[in-house]
Amino acid sequence: MTRDAVGMLPARYYFDRGVLWNGDFHWFGTNYSTLCFDTDTERLRPSMPRIPANQEVMNKYDIWYFGEAGGNLCALCVNKAEAMLFDVFALKSDYSEWVVKYRVDFAPLTRLYPEVKGLGFHVPCFVVDEEEKKARIVMSIKDTFISYDINDMIFKELVEVGPVYSEVPGWGDSTWYRCYEAFPHVETLASV
C-alpha cells in the first residue's frame, strides 16, 4: 500500500495499534471503523464492518483494548461511561460483523479504586481462557496492576509499580506511570 493510498482512506486509522489475527493485519480508526490488510493478496479487504459501539463520543480513546483474545479479534469499548459499563466485541471469523461477546461492569471496582469511576485506568491486556471459560481484563490503576475476572466480577492485585520521575522540556517535572500495551508470551522452539 502506498502513502497516497493511505491518505485516501475515508477514516483516520491508528497504525501504531495494529493486530495480527487470522494471518492478516488489522487496525481501528475514527468512527469505530476497522481496516484489514490481507497478507495473502497483499491488498486491503474491500469492506470491513464498523464496531457497533455506543456512538455518543467517537475517538480512539473510546476503544480501550484492541487485540486478539481467545482466538478472536476483540475490541473493548465504552457502553455507558457514567454507569461504568463496557462491551467487548468480537469480529466473526468470516469478517461479516462484530458481536457483543461480553458486557463488563467496572462499578464494583470503584469501592476499592475510586480512580476507576473517572475512567482513570488503562487496559493493556485482555485474556480469555477457553478451557476454564474465564475472561480477564488486566488493568493498570495508578501504580497497581490488577486482573479482573469479568465472569465472576472478582479482582486480584498482580503487582505494584513505582512511578517514573521525568523532566519533560517545556512541561517541567513529572511523576507518572502509564502502560498502554502488553503482549502475551508465546512459547517457541526457535532459539531467540
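What residues have an amide H closer than 5 Å to that of Glu68, excluding those fewer than 5 places away on the same chain, when H is modeled at 1.01 Å from N in the peptide plane?
Cys74
Out of residues 5 or more away from Val104 or on other chains, whose amide H comes under 5 Å of its own, with H placed 1.01 Å from N in the peptide plane?
Hits under the 5 Å cutoff: Phe86, Asp87, Val88.
Could you name the lysines whose alpha carbon sits less than 19 Å from that of Lys134, not counting residues in the same chain fewer than 8 places away?
The reachable lysines, counting only those whose Cα sits under 19 Å from Lys134, are Lys101, Lys156.
Which of Phe15, Phe126, Phe106 has the fewest other C-beta atoms within 10 Å, and how do the rest follow up to the most?
Phe15, Phe106, Phe126
Over the stretch 16-121, what portion of Cα pair distances is larger than 23 Å, expressed as a whole percent?
Every Cα pair in the stretch 16-121 considered, those over 23 Å come to 30 percent.
List the residues, sorted by chain then number, that are 5 or more residues from Glu97 or on another chain and whose placed amide H is less than 5 Å from its amide H.
Here Lys92 satisfy the definition.
Values in this text are rule-based calculations from the coordinates and carry no lab data. On a predicted model such as this, the values are computed, not experimentally measured, just so you know. Cβ coordinates were reconstructed from backbone atoms using ideal geometry, including for glycine residues, and neighbour counts include every protein chain displayed.
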